[in-house]
Each structure stands twice: as structure tokens, then as C-alpha cells.
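Asks: One structure is given below, represented as C-alpha cells, and several questions about it will come after.
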Amino acid sequence: MTMTLLRRLLQWRFARFAVVGGGATLLQYLLLVLLVEGLHAAPVAASAAAFSLSALANYWLNYRFTFASRRRHRQTLPRFALVALLGLAINTASFAALLPLLPYLAAQVIATAVTLIANFTLHHYWIYRREA
């Protein structure tokens with residue numbers, strides 16, 4: 001595979017990853033607002049819960065749409081769970097650090113941005129990669 005073709009494949013895959021991630025992020029933010037504003041949950045706990053719930057939709061859409069994985073769920077799901085736990089840790093730590101400085105939604109936007117590249121890299125090269 002030429003470098004140009006590989007670069008285009010990665011760009012297209014990253015675009016799909018961003019669309020799926022955007023949908024999962026929208027779900028996460030809707031859940032966050034519902035938990036904080038509707039149920040008066042503590043913002044850090046609400047952020048962690050919303051991240052965790054949206055991760056399920058994220059897994060399924062990335063498996064099918066973004067990476068069209070042929071690997072079995074027993075191979076991909078444990079890896080995704082580890083990456084999701086890492087993402088949860090990054091999200092929660094970033095959110096908690098930013099919360100005293102910013103409104104909770106602004107803190108969540110920045111916390112979300114902090115994990116994007118690491119998540120894509122782990123998804124592409126470790127979770128869904130095709131066997132050679």
C-alpha cells in the first residue's frame with residue numbers, strides 16, 4: 001500500500017471516527033445535562049456516568065461503521081474496555097481539574113478534546129486493526 005493511499009485511508013477513517021465520536025459525545029453531553037440539571041447529580045460523577053454510558057454506543061458504531069472490524073467481539077471488546085477506562089480516567093481527571101475554573105459544560109468540552117487523538121490511535125492500531 002502506498003503512503004498516499006494509506007494516508008487517505010487514515011484520513012477517511014479518522015473522519016468516520018470523528019462522526020461516531022461526535023454522536024457519542026452528543027449523547028454524553030445530553031446525559032450530563034440531564035444528570036446535573038434534571039437529577040441534581042454532582043458534576044464529576046455525572047460526567048463519569050455519562051461518559052461510561054455513551055461508550056457503549058461508541059463501541060458498536062466504531063466496530064461496525066468506522067473500522068468495519070472483522071475481529072471477534074471477544075478480541076475487540078476487552079481492548080475497547082481498557083481504552084474506555086483510560087478515556088474515562090483522562091476525562092474525569094481533566095473535568096475535575098477544570099471544573100473550579102470553568103462552567104461544567106466548558107470544562108467537559110476541553111476534557112473531551114484532551115482524549116481525542118489518543119483514543120483514535122488506540123482504536124485504529126490496537127482495538128480494530130486487521131490481522132496481516
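Asks: Which residue, of Leu116, Leu77, is within 12 Å of the chain's Cα centre (by Cα) and hydrophobic (A, V, I, L, M, F, W, C)?
Replies: After ruling out the rest, the residue left standing is Leu116.
Here is a yes/no grid of residues against (1) in contact (Cβ under 8 Å) with a residue 12 or more places away in the chain; (2) open to solvent by less than 20 Å² (accessible area, probe 1.4 Å):
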site	(1), (2)
Arg13	yes, no
Ser54	yes, yes
Phe65	yes, no
Arg72	no, no
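Asks: Specify the residue that is nearest to Thr112 (Cα to Cα); the eligible residues are those in region 24-37 that are open to solvent by 40 Å² or more (accessible area, probe 1.4 Å) and of a type outside the set (A, V, I, L, M).
Replies: Residue satisfying both the conditions and the ranking: Tyr29.
Asks: Going by what's in this entry, would Leu6 be described as modelled with pLDDT under 85 and either under 13 Å from the mean Cα position of the chain (by Cα) or not β-branched (Val, Ile, Thr) (or both)?
Replies: Yes: the conditions hold for Leu6.
Asks: Being open to solvent by 70 Å² or more (accessible area, probe 1.4 Å), modelled with pLDDT of 85 or more and of a type in the set (A, V, I, L, M) narrows it down to one residue among Leu102, Leu85, Leu98; which is it? If you could, list the steps in order and put the result at the bottom.
Replies: Values: Leu102 fails: open to solvent by 70 Å² or more (accessible area, probe 1.4 Å); Leu98 fails: open to solvent by 70 Å² or more (accessible area, probe 1.4 Å).
One residue alone meets the criteria, Leu85.
Asks: Collect the residues in region 1-24 that are of a type in the set (S, T, N, Q) and part of a helix (DSSP H, G or I), keeping them in residue-number order.
Replies: The answer is Thr4, Gln11.
Asks: Asn91 versus (1) under 13 Å from the mean Cα position of the chain (by Cα); (2) of a type outside the set (A, V, I, L, M, F, W, C); (3) open to solvent by 40 Å² or more (accessible area, probe 1.4 Å): which is the lone unmet condition?
Replies: Status for Asn91: all satisfied but (3).
The values are calculated or read from the model by the stated rules, or taken from the named source; none is laboratory data. Since the model is a prediction, treat every value here as computed from it, not as a measurement. Note that each Cβ is placed from the backbone with ideal geometry, even for glycine, and that neighbours are counted across all protein chains shown. SASA here: full protein model, heavy atoms, side chains in, ligands and nucleic acids out. Shrake-Rupley method; radii C 1.70, N 1.55, O 1.52, S 1.80 Å.
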